[in-house]
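Enquirer: Below are the structure tokens for one structure; questions will follow.
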Amino acid sequence: MKKYRAGFIGCGGIATAHADGYRHVENAEVELIAGSDIHPEGEKARRLAGEHGIRIYEDHREMLEREDLDLVSVCTWPRGHCEATIAAAESGAKGILCEKPMAVSLDEADRMIEACEKAGTVLAIGHAHRFSPQAVRARELIQAGEIGQVAMIWGHCTLDLMNNGTHVIDLINYLNGDSPPRWVMGQIDRPHKIEGRRNHPDMPVEDMAIGRIGYGNGVVGFIELGERASQSFSFRVIGSDGVIEVNNPDGPPLKMLSSYRTEGWHTPRLDEVYSTVCGELEELISTVEGQAAHRSEAKTARVALETIMGIFESSARRCVMEFPIDVRDFVLERMVREGMV
């Protein structure tokens with residue numbers, strides 16, 4: 001079993017989840033070495049250092065220069081993802097797990113991908129729900145034709161596009177076999193003029209968003225986010241011969257109604273629940289070792305960000321946006337600056 005040295009850029013709450021994930025991977029021995037945080041004396045950084053015995057730096061560039069790290073978790077606020085990821089790749093990291101959203105613009109996302117490809121670094125993005133047992137099983141049932149030809153996948157959640165929306169869109173993509181999107185149309189509303197929310201204190205956010213996405217395989221995705229949407233992170237997959245529900249708050253995490261079965265609503269058996277972050281990290285290590293392709297590798301994850309930017313731009317232009325979405329900036333920020341929302 002190979003040994004790896006790991007570190008963190010950003011030592012907040014999500015870094016704690018990553019640390020626990022490293023501790024429980026079964027395909028490698030991972031030693032936690034160091035972390036960096038803009039508040040090195042803050043409570044969260046001190047707690048991470050105390051629980052895992054790591055050194056804390058204020059500047060991630062100094063950490064990357066002094067420490068020989070194989071694996072790096074980028075757990076900063078979104079505006080820090082691009083620079084931190086590029087710095088980690090250029091320092092010689094073999095694998096990087098960067099939290100979602102991947103970046104705040106497609107220009108940043110492409111710079112991250114380019115830097116990692118140049119350095120030979122595996123870059124995965126933290127769309128952890130691809131590793132939940134109910135999502136994995138739902139995708140298997142869909143691909144096995146249990147509900148016939150899929151027509152629509154509907155997903156919704158609380159908060160905004162760059163926060164929970166990236167998870168909603170990415171999981172729709174995953175359930176749909178990552179068929180490429182062809183067009184997107186959307187609308188946002190921002191009456192409260194909020195600047196920063198939860199783990200995204202460094203950017204503007206909208207209060208409500210909807211989006212309709214057309215995929216290459218004919219499936220339509222529909223998303224709802226924000227204060228007037230259903231607040232549960234749940235999905236309904238509608239096919240020609242049945243329905244699959246994922247994370248229904250009033251029922252089991254996965255259930256299916258299929259014309260091919262006689263028992264009515266069926267609750268498929270799921271694998272044992274485990275840490276989705278641990279799953280992400282195990283697959284990162286397997287990819288570094290050339291044994292697998294990460295299901296949330298950067299180019300796959302970029303599609304969710306591209307779709308978000310397409311929804312923003314569709315709202316700004318009041319039209320359908322065709323893929324590829326040819327905008328390079330943070331569209332919502334531009335809309336706020338120009339007084340559009």
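Enquirer: From the residues in region 1-49 that are among the small types (G, A, S) and more than 25 Å from the chain's Cα centre (by Cα), which one is surrounded by the fewest Cβ atoms within 10 Å (Cβ to Cβ)?
Expert: Checked region 1-49; the qualifying residue surrounded by the fewest Cβ atoms within 10 Å (Cβ to Cβ) is G42.
Enquirer: Looking at region 175-191, can you tell me whether even one residue there is under 21 Å from P78 (Cα atoms) and either surrounded by fewer than 23 Cβ atoms within 10 Å (Cβ to Cβ) or among the hydroxyl-bearing types (S, T, Y) (or both)? Break it down stepwise before answering.
Expert: Step one: filter region 175-191 for residues under 21 Å from P78 (Cα atoms), giving 188, 190.
Restricting the remaining residues to those that are either surrounded by fewer than 23 Cβ atoms within 10 Å (Cβ to Cβ) or among the hydroxyl-bearing types (S, T, Y) (or both) gives 190.
Yes, because at least one residue in region 175-191 is under 21 Å from P78 (Cα atoms) and either surrounded by fewer than 23 Cβ atoms within 10 Å (Cβ to Cβ) or among the hydroxyl-bearing types (S, T, Y) (or both).
Enquirer: Follow-up question, since we're still on this one. Could you give me the residue pairs with C-beta distances under 7 Å whose first residue belongs to region 133-148 and is outside the structural domain of R261 (by TED's automatic domain parsing), whose second residue is among the acidic types (D, E) and crowded, with 17+ Cβ neighbours inside 10 Å wherever it lies, and which are 6+ apart or on separate chains?
Expert: none
Enquirer: Considering only region 317-341, how many residues are closer than 20 Å to H200 by Cβ, of a type outside the set (V, I, T) and not in a loop (DSSP other than H, G, I, E, B)?
Expert: Adding up the residues that qualify gives 5.
Enquirer: Right, another one. Could you tell me which numbered condition G95 fails, if it satisfies all but one of (1) touching a helix residue (DSSP H, G or I) at 6+ places or on another chain (Cβ under 6 Å); (2) closer than 15 Å to S36 by Cα?
Expert: Single failed check for G95: (2).
Enquirer: If you check A316, A293, which single one turns out to be over 15 Å from the mean Cα position of the chain (by Cα) and assigned by TED's automatic domain parsing to the domain that holds L123? Give the steps one after another, and end with the answer.
Expert: Numbers: A316 fails: assigned by TED's automatic domain parsing to the domain that holds L123.
Step by step, each of A316, A293 is checked, and only A293 is over 15 Å from the mean Cα position of the chain (by Cα) and assigned by TED's automatic domain parsing to the domain that holds L123.
Enquirer: Write out, first by first residue and then by second, each pair whose Cβ atoms fall under 8 Å of each other, whose residues are 6+ apart or on separate chains, and whose first residue, in region 259-270, is aliphatic (A, V, I, L, M) while the second is part of a loop (DSSP other than H, G, I, E, B) and surrounded by 12 or more Cβ atoms within 10 Å (Cβ to Cβ).
Expert: Once the first residue is aliphatic (A, V, I, L, M) and sits in region 259-270, its partners that are part of a loop (DSSP other than H, G, I, E, B) and surrounded by 12 or more Cβ atoms within 10 Å (Cβ to Cβ) give L270/P253.
Enquirer: Every residue in region 125-137 that is within 9 Å of the chain's Cα centre (by Cα) and either polar (S, T, N, Q) or outside any helix (DSSP H, G or I) (or both), please.
Expert: Here is the first cut: in region 125-137, the ones within 9 Å of the chain's Cα centre (by Cα) are 125-130.
Passing the criteria: I125, G126, H127.
Enquirer: Based on this model, can you work out whether L270 counts as among the hydrophobic types (A, V, I, L, M, F, W, C), closer than 29 Å to C75 by Cα and either touching a helix residue (DSSP H, G or I) at 6+ places or on another chain (Cβ under 9 Å) or in a loop (DSSP other than H, G, I, E, B) (or both)?
Expert: Values: among the hydrophobic types (A, V, I, L, M, F, W, C): yes; closer than 29 Å to C75 by Cα: no; either touching a helix residue (DSSP H, G or I) at 6+ places or on another chain (Cβ under 9 Å) or in a loop (DSSP other than H, G, I, E, B) (or both): yes.
No; evaluated as a whole, the condition is false for this residue.
Enquirer: Mind listing just one residue for me: the one in region 10-57 that is over 20 Å from T276 (Cα atoms) and of a type in the set (V, I, T) and, of those, modelled with the lowest pLDDT?
Expert: Within region 10-57, the match that is modelled with the lowest pLDDT is I38.
Enquirer: Looking only at residues in region 50-90 that are in a loop (DSSP other than H, G, I, E, B) and over 18 Å from A124 (Cβ atoms), which one is nearest to the chain's Cα centre (by Cα)? Explain how you work it out, then say what you get.
Expert: Just the residues of region 50-90 that are in a loop (DSSP other than H, G, I, E, B), to begin with: 53-54, 58-59, 67-70, 75-77.
Next cut, over 18 Å from A124 (Cβ atoms) only: 53-54, 58-59, 67-68, 77.
Values: G53: 28, I54: 26, E58: 26, D59: 25, E67: 27, D68: 27, W77: 14 Å.
Per the stated criteria, the residue is W77.
Enquirer: Can you pull out the residues in region 291-305 that are aliphatic (A, V, I, L, M) and either part of a loop (DSSP other than H, G, I, E, B) or touching a His at 6+ places or on another chain (Cβ under 8 Å) (or both)?
Expert: Taking region 291-305 first, the residues aliphatic (A, V, I, L, M) are 292-293, 298, 301, 303-305.
The answer is A292, A293, A301, A304.
Enquirer: Now for a separate question. Within the group I188, I194, which residue is at pLDDT below 95 and over 20 Å from the mean Cα position of the chain (by Cα)?
Expert: On the way: I188 fails: at pLDDT below 95.
One residue alone meets the criteria, I194.
The values are calculated or read from the model by the stated rules, or taken from the named source; none is laboratory data. Just so it is clear, the structure is predicted and the values come from calculations on it, not from any experiment. All Cβ positions, glycine included, derive from the backbone under ideal geometry; neighbour counts span all protein chains shown.
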